Amino acid sequence: MSDLWDAIALVLIALVGGVVRVSTPFLFVSLGECLTEKSGRINLGLEGTLVLGAMSGYATSYLTGSPWLGIAAAALTGMVFGGFHAVLCQLPRVNDIAVGIALIQLGTGAAFFFGKPFIQPTAPHMPLMALGWWSSDPQLQNALMINPLFPVGIALALFLRWAFRNTYWGLIVRTTGDSEPAARDLGVSINGVRLAATSIGGLLAGIGGAFLSLSYPGSWNEGLSSGQGLMAVALVIFARWDPVRCFYAAVLFGAAGAIGPALQSVGVTQGYYFFNAAPYILTLLLMVASGRSKRAARDIPRELAITR
Amino acid sequence: MVAPSKPGKWRRSVGTWLHYRAETFIIPVLALLAAAVFFSIFLIALDKSPGEFFFLIGRGGFGTLFSWQNTLVRAAPLILTALCVAIPARMGLIVIGGEGALVIAGFAAAAIAIPLDQSIPPMFTTLAMGLTAVIVGACWIGLVGWMRHARGVNETISSLLLTYIAIAIVNFFISGVLRNPADPNRPSTKPINPDAMVGVIPGLHVHWGLAAGVVLAVLLYLLMDRTTFGFAARIAGGNPRVAEAQGLSVGKLIVTGCFIGGACAGLAGFFEVAAVHGRANSALHANYGFTGILVSFLARHNPLAIIPVACLFGGIGAAGGLIQRRMDLPDATVLLLQGVVFVTLLASETLYGRLPFFRPTQESRT
């Protein structure tokens, strides 16, 4: 009996560590997408940004020896890529969802093209914070080795919610997303606001990508992000365009993604591929469950083309 | 350009039609050329020769009889997966899950063949495989349409999520209960009976999937452009509210369109298993579904135009290996080129109605 309890405790501890690790990239991409969508555009290309950020971050960290420079490179790449989306979409008659699909293909294509030489070598990882010093349990200590980007992400979520509600810039972004005529009346450059929002959104997604390659799973390969950027887009809809709810949703997704590895750590390997699919299935179920909800209809930025 | 000399009603409508057709042909071609220029600049920056690159595409894709066969074998699934994008696109849906439908349907076909192989004649096994693949593919994308209609779930996101789910399900089975123990190197199902395999078109040495793709493309063109169903579908795609006001059942149209598209992608999966690989393994997930998205967009979701565009990208894919060897470029070069073409193509959408050359009349500006 006590064996069973030990196993459950072990799974739970592994799950806590796993949630923190798996949810961080979701958190960054979803915050970036949240900002983009608040301004009235949807950028599905963040999936491509994530992969490109992972590759450029890893390559830079390997070449310079500094993971922080890697993060900076990934952020810059993401910003440029996000800005590219915004510039393409401001051309008349160009559909933002279609551009997003094209940028997924371009981003992954570019990442695989330039990333080939970096698949084998090992780049320096980001340092972790040991938050488990108070415990003598090595498993718990191991689970609480937390990447500094996780608390940064939480702070960012809180900041964004505050900024959307209380600042001039927040108001401008929300107005642009809710009503183009109203934004024009305020004398705001709609394309300018969306360029800024999409670029910063891309920057955050790039950092999320660098987390994938420089922290967890912690290496660059072509199967690194399979759809995590896209799930983050779905997550924003589920979180009803609120940054703090994005954080809760990211943790939920992190838990779904961490179940498989956590069970593996105690020797349950059955259905490994099934647990791989868990986050996708969860996303789909959440989208079905929250579709057509009245609260989502109230919170959605009116200019957003995602729910016609 | 074809300005009518007399303002006869018939003449003017023909002129408009010609304007429209010429524009929808020339702008994608311009986009392709622009993409070629961008990619050439990129290659020059890498100190590679663009001339050699495009020459190798010509040779590896279209230079010899053998390369044509290779091209057409790749074009067959591309036609079918592009139809999986084009038909829902007429209903106003951007479905990008053809890859998933292909993978899951191909796997289902291989799986149903395992128990049938011993008990019934090979011909019926083939038939059962084809039928299974079509039904599974149709239901897979039909689910996307249903979620869109019944729950307002964005079809682009849901269809891509379903692709990852399909790949996970197939991996689960081919490395688990359905794994062929005789093949230790690579997880795959048991090979299907060689007698149940689909043969080649006589004289062409390309499997029958190509014929199926071409026939389906023509039939679906007729369905979408020459029937009441197609007309209703286009109204629903243009403006769902108008369609509802006309008494059309938008939901039924959407689900039917997704069903047809999914059936096409499922058929592609069937031919990949029953005519190319002979079993279900990770080779099924070969990006045909994703390239099909680009093919359909480049063909402006016109089923007839999909055929030549699929041949073009089949050829680029077929030349990939040659480019890799001769020019020492990574295998992702083709993927990157496709990305460049896709982005250029979408940017070119902005040119419609704005090229001075066409002087668009009031009617052509829809």
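Any read-out appearing in this document is the output of simple, stated calculations on the displayed coordinates, not a laboratory observation. Treat the numbers as computed from the prediction; the structure is a model and nothing was measured. Positions of Cβ are backbone-derived with ideal geometry, glycine not excepted, and every protein chain shown enters the neighbour counts.
The table that follows gives values for the structure above.
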read-out: Shape category assigned to the stretch B:94-236 from the gyration tensor of Cα positions, a/c cut at 1.5; value: oblate
read-out: Acute angle (nearest 10 degrees) that the helix B:155-174 long axis makes with the longest principal axis of chain B, alpha-carbon atoms; value: 20
read-out: Rough spin-label spacing in nm, given labels placed 7 Å along Cα→Cβ, for A:GLN264 and A:SER179; value: 5.2
read-out: Cβ-placed point charges (K, R +1; D, E -1), dipole of the stretch B:69-328 about Cα centre in debye, nearest 20; value: 360
read-out: Sequence-separation-based contact order of the stretch B:69-328, relative, with Cα cut under 8 Å and 6+ spacing, percent; value: 43
read-out: Isotropically averaged projected area of the stretch A:76-170, using the convex hull of Cα atoms (one quarter of hull area), nm²; value: 10.7
read-out: Two-site label geometry, A:ASP137 and B:GLU244: point separation in nm, points 7 Å out along Cα→Cβ; value: 5.4
read-out: For B:GLY292, net neighbour charge (Lys/Arg +1, Asp/Glu -1) across residues whose Cβ lies under 14 Å away; value: -1
read-out: C-alpha long axis of helix B:50-62 to longest principal axis of chain B, angle in °; value: 60
read-out: Leading residue at positive end of dipole, the protein assembly as shown (Cβ point charges), from A:PRO181, A:TRP134, A:VAL266; value: A:PRO181
read-out: Angle between chain A longest axis and helix A:67-89 axis [Cα atoms, degrees, rounded to 10]; value: 30
read-out: 5 angstrom amide H check on B:SER188, placed H, neighbours 5+ away; value: B:ASN180
read-out: Fewest-first sequence of B:LYS252, B:LYS190 by Cβ atoms within 10 Å of each Cβ; value: B:LYS252, B:LYS190
read-out: Environment charge at A:GLY100 (Cβ cut-off 13 Å; Lys +1, Arg +1, Asp -1, Glu -1); value: -3
read-out: Relative contact order %, chain A, counting alpha carbon pairs below 8 Å whose residues are six or more apart; value: 36
read-out: Cβ charges +1 (Lys, Arg) and -1 (Asp, Glu), total dipole of the protein assembly as shown, debye; value: 2060
read-out: Residues A:MET79, B:MET129, A:MET55 arranged by fewest to most Cβ contacts within 10 Å; value: A:MET79, B:MET129, A:MET55
read-out: Cα gyration tensor category, rounded, prolate or oblate, for the stretch B:69-328 with a/c compared to 1.5; value: prolate
read-out: Cβ-based charge dipole, the protein assembly as shown, positive-most Cα from B:THR81, B:ILE306, A:GLY65; value: B:ILE306
read-out: Rounded, prolate or oblate (a/c below 1.5 giving rounded, otherwise prolate when a/b exceeds b/c) for the stretch A:155-254 by Cα gyration tensor; value: prolate
read-out: Reach of A:LYS38 by Cα under 20 Å, taken over aspartates and glutamates that are not fewer than 8 positions away in the same chain; value: A:GLU47, A:ASP96, A:ASP178, A:GLU180, A:ASP185, A:ASP242, A:ASP299, A:GLU303
read-out: Length gained when the stretch A:ARG93-A:ARG298 is fully extended (0.36 nm per residue, less Cα-Cα span); value: 71.1 nm
read-out: Proximal aspartates and glutamates to B:LYS252, defined as alpha-carbon separation beneath 16 angstrom and excluding residues fewer than eight positions away on the same chain; value: B:GLU155, B:GLU244
read-out: Convex hull (Cα only) mean projected area of chain A, reported in nm² to one decimal; value: 17.4
read-out: 15 Å beta-carbon shell around B:GLY61, net charge (K/R +1, D/E -1); value: +3
